[in-house]
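**Student:** Encoded as structure tokens, here's the structure I'll be asking about.
The values are calculated or read from the model by the stated rules, or taken from the named source; none is laboratory data. In this text the structure is predicted, and so the values were computed from the model without any measurement. Neighbour counts are summed over all protein chains in view; Cβ atoms, including those assigned to glycine, are modelled from backbone coordinates with ideal geometry.
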Amino acid sequence: MSRTDNEMPGVTLLGNQATKYPSEYAPEVLETFINKHPDNEYLVTFTCPEFTSLCPKTGQPDFARIIINYIPREKMVESKSLKLYLFSFRNHGDFHEDCINIIMKDLVALMNPRYLEVIGLFTPRGGISIYPFANYGDEEHQDMVKARMLASFRNDF
């Protein structure tokens, strides 16, 4: 049950040896492919341990581990394009909470998933760690949206 090129018309970055890394926020680099199992409800997790962005006030770098969990519908995000997209935040000046919400909204607009969440585990700066969490669910997953939000109120980090 291998994929054919006809099943991946929008996948242009994977295998491309001339990859250009964006120097500015670039949601247009995100690519999708068709989910071959839309009848199954299953979880996809991405972890980006080296996410960086800039403080919008000082320009100092912020570092985080970003975790993206989603339940796909028809479209799935291609991982190399996701890597390039997340890299595009490198020179983007925004607060931690803004970055996480931007990522969530961009991925929801791209894929229309059943459920999606983005977690940012930012390293401490000034003695404070910030762990923003944003999630989205379609009509059938509203209970999950609420449950995952409540579960994210933690004090055991």
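**Student:** Taking Asp106 as the residue in question, decide whether it is touching a Cys at 6+ places or on another chain (Cβ under 9 Å) and acidic (Asp, Glu).
**Tutor:** Working: touching a Cys at 6+ places or on another chain (Cβ under 9 Å): no; acidic (Asp, Glu): yes.
Considered against the rule, which asks whether it is touching a Cys at 6+ places or on another chain (Cβ under 9 Å) and acidic (Asp, Glu), Asp106 comes out as no.
**Student:** I'd like the full set of residues that are in a strand (DSSP E or B) and modelled with pLDDT under 95, limited to the stretch 122-154.
**Tutor:** Step one: list which residues in the stretch 122-154 are in a strand (DSSP E or B), which gives 122, 125, 128, 133-137.
Residues satisfying the conditions are Arg125, Ile128.
**Student:** Taking Tyr115 as meeting all but one of (1) touching a residue at least 60 places away in the same chain (Cβ under 8 Å); (2) within 23 Å of Gln142 (Cα to Cα); (3) touching a helix residue (DSSP H, G or I) at 6+ places or on another chain (Cβ under 9 Å), write down the number of the exception.
**Tutor:** Failed condition: (1).
**Student:** Can you tell me how many residues in the stretch 26-68 are among the hydrophobic types (A, V, I, L, M, F, W, C) and farther than 22 Å from Leu110 by Cβ?
**Tutor:** First pass over the stretch 26-68, keeping only residues among the hydrophobic types (A, V, I, L, M, F, W, C): 26, 29-30, 33-34, 43-44, 46, 48, 51, 54-55, 63-64, 66-68.
This time we only want the ones that are farther than 22 Å from Leu110 by Cβ, so: 54-55, 63.
Number satisfying all stated conditions: 3.
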